[in-house]
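*Asks:* Okay, handing you the structure first.
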Amino acid sequence: MSPNKQTKFTCRAQAATAAAGFAAFFAMHSACAQQLSAQGASQGPAQLTAHMAVPPPGPSGAAKPLTPSMPGGAAGVACVAPTELVHFEQPLVHTMRQLANGQPLTIVAIGSSSTAGAGASSPDASYPSRLAVELRARFPGRDITVLNRGVNGEETTNMMARFGADVIAAHPQLVLWQIGTNSVLRDHPLNSHGVQLHDGIEQLKATRADVVLIDPQFAPAVLAKSETPGMVEQIAITAKEENVDLFQRFAVMRNWHDAQHLSFDVFVSQDRLHMNDWSYACLAKLLGTAIAEAASRPIAAAAVHPAMISAKPDVH
């Protein structure tokens, strides 16, 4: 057995006995993560790398093989991104608490067509479906649900109108909000979008859920719009001002194209706008890594004492 596999085996065995206490859970998880990180550092550059060995699941949730008919022959392409692009600045406190207490974790993914899964071969190949598989693999035995609340063609205001029924009613501990693409494609002004975005984040934070924003995709149809750089910047600034996390999808996909020299055919569907099975699966893998780290961060565990949590229960 390789050192890396041995470490993973040991970590999972330790995890099975760590439910006795909040501090024990995160101390164990941190130690395992540091050991795996050290081994990974000796084997390659500071990047998150994973060959797409876990393909989109079938109807029963079991993985099905990637086929040679995938766009660009992407089945053999490694899923890689610089670590700094997939690191969350803010700890996911509510997600962390749910995992530490062994309670069911509910995640809502709200957005437009790239959340719904346009460009994917099936609903099972959308990023929310793939993310559920990734997180269950990272936290075996945990009850983790990822709800796909994406609707084709929607903009920020449309999504906010659905918050009550599609987000808040599910009582999630984590909300993934994908925004910006349709506003850019329709040449809508950035100023009004910025106001809406601040308002939407405040509404989500009021539900006592962790919030992660996901910015537009790096695709030819999006790049053709002059407002795209401004939208990406606006989302990043707003996330920082609101102290919520941002998954930098635009920068990750740009790295695929500009630094790794992958053609758009590998990670963009034939409409030159939406992602495909490979890129949705890679997005889910990288996002799952970011979520797992931010929900297991020792500094956050020390800052959020169990007594403080129990004294301020979530009110939905």
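*Asks:* Which pairs turn up if I take residues in segment 264-276 that are in the same structural domain as G180 (by TED's automatic domain parsing) and under 20 Å from D124 (Cβ atoms) and look for partners that are outside any helix (DSSP H, G or I) and modelled with pLDDT under 95 with beta carbon separation below 9 Å, at least 6 apart in sequence or on another chain?
*Replies:* F267/V77; N276/M70
*Asks:* Quick one: which of K225, K285, K205, K240 is basic (K, R) and under 22 Å from S129 (Cβ atoms)? Don't jump to the end; show me each part of the working.
*Replies:* Numbers: K225 fails: under 22 Å from S129 (Cβ atoms); K205 fails: under 22 Å from S129 (Cβ atoms); K240 fails: under 22 Å from S129 (Cβ atoms).
Step by step, each of K225, K285, K205, K240 is checked, and only K285 is basic (K, R) and under 22 Å from S129 (Cβ atoms).
*Asks:* Among the residues of segment 101-111, are any at pLDDT below 95 and either under 24 Å from E293 (Cβ atoms) or touching an Asp or Glu at 6+ places or on another chain (Cβ under 9 Å) (or both)?
*Replies:* Taking segment 101-111 as the starting set, the residues that turn out to be at pLDDT below 95 are 101-102.
In the following step, the residues that additionally are either under 24 Å from E293 (Cβ atoms) or touching an Asp or Glu at 6+ places or on another chain (Cβ under 9 Å) (or both) were identified as 101-102.
Yes.
*Asks:* Could you look through segment 129-152, keep only residues that are crowded, with 22+ Cβ neighbours inside 10 Å and in contact (Cβ under 8 Å) with a residue 60 or more places away in the chain, and pick out the one that is nearest to P104 (Cα to Cα)?
*Replies:* In this case the residue turns out to be L135.
*Asks:* May I pose another question? Among the residues in segment 189-198, are any in contact with a Pro (Cβ under 7 Å, 6 or more places away or on another chain) and modelled with pLDDT of 95 or more? Walk me through it before giving the result.
*Replies:* Going through segment 189-198, the residues in contact with a Pro (Cβ under 7 Å, 6 or more places away or on another chain) turn out to be none.
No: segment 189-198 contains no residue that is in contact with a Pro (Cβ under 7 Å, 6 or more places away or on another chain) and modelled with pLDDT of 95 or more.
The values are calculated or read from the model by the stated rules, or taken from the named source; none is laboratory data. This structure is a prediction, so every number in the text was calculated from the model and none was measured. Glycine gets a Cβ as well: all are built from the backbone with ideal geometry, and neighbour counts include every protein chain shown.
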